[in-house]
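Take a look at the structure set out below.
The values are calculated or read from the model by the stated rules, or taken from the named source; none is laboratory data. Keep in mind that what you see is a predicted model, and the values were worked out from it rather than measured. Cβ placement follows ideal geometry from the backbone for every residue including glycine, while neighbour counts extend to all protein chains displayed.
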């Protein structure tokens, strides 16, 4: 085990050099994660999560008793407050199963050379751009600071392309010029975004729910647009495990995937009940009203460009489409971040899906749950990406 720890330390130091790795964590955090042996030895997989609706399948699977005893720990899933801390816990093997931002998973795979593997999507859509009450047009964000949850996130990628489509330029580590149409971007933990918007520290943020719903309920912000109205049924978070877990016990991985897919069906069948479970089970600290609203947004309350896409509706569809992975990797090349980007040069978009994702387990789970039609998925399990920046 000591050799593995030393290897991880050397790998991390080599990857990050003298700068933080694109927001995964600071040097000290990653060095500590690599140097500490916190591997779970309980014999059952431990689940880690961020308190957002994206995590609902992992949490409902626990609350509804869908995990098979002995496969996944019966203990409460471990809550983390930022993507950095969740990534650190996964890297150091404190937890074995997490939902992680898809671009962040790409970074872990190619920048750190880790053995992270995506089993399937945790959800689709479920994110929005929330602005201060006096902001009515995107152009008003010029000269202000906007928060994103992580540099390598679908939120940052989509937001930047939206800004460019309006003739604005995203900048980091510099004061944004209103005259030049610049928008300053900063990384902020989701739990800090609502108070930051309320006190005027930022003019907007883009993040997963229920933080968008919470801002509306508190009267400190409003949803300008749902990201699903820009990139149809995009994936935000994916289900991650280590390749070592797959190699060691593929039966456990299949059982885990079956449980998560069953939870996704359960949420779709009764979203109100899922909201109550997520709150009363103390999985999410937000009020039930915010959780319920984020799962059941009434479309008539919002300006939606593509109503047929149902962009306001978070979807719990498990299959990871190869077309999305390729398009995501391509989009990452034009994304401005405060950190390392060199790893992008080592990625072949055409091969990224097979290198990062192992969909054998989710295909079997979908078949056992009634087939693609049971999730509103095409029988071919293929699609063409629809992205419209307006």
**Item:** Single unsatisfied condition, residue 363 versus (1) more than 18 Å from residue 151 (Cβ to Cβ); (2) touching a helix residue (DSSP H, G or I) at 6+ places or on another chain (Cβ under 7 Å); (3) assigned to a helix (DSSP H, G or I); (4) touching a residue at least 40 places away in the same chain (Cβ under 8 Å)
**Value:** (2)
**Message:** Of the conditions (1) surrounded by fewer than 23 Cβ atoms within 10 Å (Cβ to Cβ); (2) modelled with pLDDT of 95 or more, residue 99 satisfies every one except a single condition; which number is it?
**Reply:** (1)
**Item:** Members of the stretch 234-249 found to be assigned to a helix (DSSP H, G or I) and either more than 17 Å from residue 115 (Cα to Cα) or touching a residue at least 60 places away in the same chain (Cβ under 8 Å) (or both), listed by number
**Value:** 243, 244, 245, 246
**Request:** Tell me, please, whether a residue that is touching a strand residue (DSSP E or B) at 6+ places or on another chain (Cβ under 8 Å), part of a loop (DSSP other than H, G, I, E, B) and over 16 Å from residue 231 (Cβ atoms) can be found in the stretch 379-387.
**Result:** no
**Request:** Quick one: count up the residues across the stretch 254-307 that are more than 20 Å from the chain's Cα centre (by Cα), under 23 Å from residue 230 (Cα atoms), outside any helix (DSSP H, G or I) and free of Cβ contacts under 8 Å to residues at least 60 places away in the same chain.
**Result:** 1
**Message:** Looking for something surrounded by fewer than 19 Cβ atoms within 10 Å (Cβ to Cβ) and modelled with pLDDT under 95 - is there at least one such residue anywhere in the stretch 43-51?
**Reply:** yes
**Request:** Return yes when residue 314 is within 30 Å of residue 174 (Cα to Cα) and surrounded by 14 or more Cβ atoms within 10 Å (Cβ to Cβ) and no when it is not.
**Result:** no
**Fill in**
Of those in the stretch 63-93 that are free of Cβ contacts under 8 Å to residues at least 40 places away in the same chain and not in a loop (DSSP other than H, G, I, E, B), the residue surrounded by the fewest Cβ atoms within 10 Å (Cβ to Cβ) is 69
**Message:** Just checking, does the stretch 346-353 include any residue being at pLDDT below 95, in a helix (DSSP H, G or I), within 21 Å of the chain's Cα centre (by Cα) and surrounded by fewer than 19 Cβ atoms within 10 Å (Cβ to Cβ)?
**Reply:** yes
**Request:** Using the structure shown, decide if residue 128 is in contact with a strand residue (DSSP E or B) (Cβ under 8 Å, 6 or more places away or on another chain) and in a loop (DSSP other than H, G, I, E, B).
**Result:** no
